[in-house]
Every structure is written in C-alpha cells, then in structure tokens.
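Asker: Take a look at the following structure, please.
The values are calculated or read from the model by the stated rules, or taken from the named source; none is laboratory data. What you see is a predicted model, and the numbers here were worked out from it, not measured in a lab. Every residue, glycine as well, gets a Cβ built from its backbone with ideal geometry; the counts of neighbours run over all protein chains shown. SASA here: full protein model, heavy atoms, side chains in, ligands and nucleic acids out. Shrake-Rupley method; radii C 1.70, N 1.55, O 1.52, S 1.80 Å.
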Amino acid sequence: RDVCKAMALDAPDKFLIDALLRDSSEPPTTEVVNLARAAKWLHRVVVRRVPTDLSHIAQALTTAASLALESKGVIRDVGTGRWMTPDQARRVLKARRFAIADHVVVASAQGPGGQSLRTRGLAKFATPEIHAIDVPKEHGRLVRQALLTIADLRTLGSPVSAGITVQLGAAAVVLVAAPEGHLIVCDADPLDLSPRPGLARWIDAIQLSRAA
C-alpha cells in the first residue's frame, strides 16, 4: 500500500491562511507569507500508515516538495506549524543525517509557575507529544534540548511512551501519561525511579555535573 496520498482541496481562502500563518511555530519569511497568500489551491498530503522504518516522513515531504515546486507554492507542516519553501524541504531531504529538529519543534508559553514547553510534530511518528511544566525561564533552553533528545529516541527505534525512564546526562527522567493524551516529563526518584513532579532535581544534577 502507498504510504501517503496527495489530495487537492478547495481554494485556500476557506482554510484561513492568515490564521495558519499566525499559528506558525517560527515566524515565516516574507517570501513564504506572500506565496501562501497568493495560493489558488491547497493540497493535502495524507500519511496512510506509519512504517517501522519511518520512511513515511521522507515520502510525505518529497511529495509535498514536488507539489509546491510545480505550483510555485509553499509547504506547511501541520504537525509543527512550520512553513518551508521547496528548496528548504530539499535541504532537509538531502541532509547527511536525520535531524529530529527538522521534524519536531518545541513551543513554549509563560505561566505563573514558569515556562511550559511542549513538542509539536511527534504525532507524525505515531507518538504522543511531550510536555514539561513549570520550568524556570533561565533553564528553558536546557529543557528544550532534553525534549528533543527524548523525541529522537523514537527515530532510533526506542519506544517513547508512559512509564519509560530516560537517562539524560547526570540524572534520569520519567515520562508520565496526562489525561489529555500527551506525556509529561518529570524527575525520577534516585532510589526507585518513580516519578516526582517537576524537573528541579534533574536540572540541579545537570548544573552540578557541568560545574564539576
């Protein structure tokens, strides 16, 4: 069976292009904005199944890039909210190694207890998105990289699911299922690896290891 299928849909004004541009995980370039607003048709590439070798990622992006090149259009990754030109898509496809950051992004929002970070794009790998909550702003970059490292386990053939423990540098973290369906990354108790709310213990361990 085919892994993905391309479908031509209605005129893009019915899909609220400006709203999609505002939902971008990264600010789109002026070129991308102009091409998106000038589009006459919207094509959707649908992934029908997720092979164990994850070949659907490259196949879907190849199909999207071909459509965008032929129609002088742009590509929007529905999972991440990222926009790209056909040239940018080809650079991803021709990269010497698979980079998880090309396919998954980490979004953040400030809350009363700190930053909330969440992946966008893991659904393409048939995997729940991963969240980290109440992260001190000064450690946002550290936790962002931790989320991408955990996400990358999926591309290496390891499961990313509730209950697994992941050793990240000097300490371990645990993935816990949230009622909404995503996963929350939290501290692992050093004695029995049971989950503990937050990431303070893990952040402290990483900071100490770097200072040593």
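Asker: For the chain, the longest stretch holding no chymotrypsin sites (Phe, Trp or Tyr not before Pro) located in a DSSP loop with at most 14 other Cβ atoms within 10 Å is which?
Answerer: Longest run free of exposed loop sites: 99-212.
Asker: Let me ask you something else. Roll a 1.4 Å probe over the protein chains and send me the accessible area per residue for the chain in Å².
Answerer: Heavy-atom accessible area per residue stands at 58 Å².
Asker: Taking a 1.4 Å probe, which of Asp23, Asp77, Asp192 shows the most accessible area, and what order do the others take after it?
Answerer: Sorted by accessible area, descending: Asp192, Asp23, Asp77.
Asker: If I model a spin label as a point 7 Å beyond the Cα along the Cα-Cβ vector, how far apart are those points for Leu193 and Arg141 in nm?
Answerer: A separation of 3.1 nm, rounded to one decimal place.
Asker: Same structure again: Kindly provide the trypsin sites (Lys or Arg not before Pro) of the range 15-72 that DSSP labels as loop, not H, G, I, E or B, and whose Cβ sees at most 14 other Cβ atoms within 10 Å.
Answerer: Lys40, Arg48, Arg49, Lys72
Asker: For the range 105-203, which GluC sites (Glu not before Pro) are in a loop by DSSP, counting at most 15 other Cβ atoms within 10 Å?
Answerer: Glu180
Asker: I would also like to ask the following. Quick one: with all protein chains in place, what share of the accessible area of the range 114-212 is carbon or sulfur, to the nearest percent (1.4 Å probe)?
Answerer: 56
Asker: Given the DSSP H assignment, sum -39500 (n - 2.57) over each helix run of at least 4 residues in the chain and divide by its residue total; what's the result at 222 nm in deg cm²/dmol, nearest 500?
Answerer: When only DSSP H runs of four or more count, the value is -10000 deg cm²/dmol.
Asker: What is the list of residues in the range 83-121 whose amide nitrogen lies under 15 Å from a point 7 angstrom out from the Cα of Leu156, following Cα to Cβ?
Answerer: 98-101
Asker: Pop the C-beta distance of Leu16 and Arg97 into the FRET formula with R0 = 45 Å and round what comes out to the nearest 0.05.
Answerer: 0.80
Asker: I'd like the accessible area for Asp53, computed on protein heavy atoms only with a 1.4 Å probe and all protein chains in place. Round to 10 Å², please.
Answerer: Surface accessible to solvent at Asp53 totals approximately 110 Å².
Asker: With springs connecting C-alpha atoms under 10 Å apart, model the chain as a Gaussian network and identify which of Gln59, Gln167, Gln115 has the largest mean-square fluctuation.
Answerer: Comparing Gln59, Gln167, Gln115 in a Gaussian network model of the chain, the most mobile one is Gln167.
Asker: So, one more: Comparing Val92, Val46, Val135, which has the greatest mean-square fluctuation in the GNM of the chain with Cα pairs linked when under 10 Å apart?
Answerer: Residue with maximal mean-square fluctuation among Val92, Val46, Val135: Val46.
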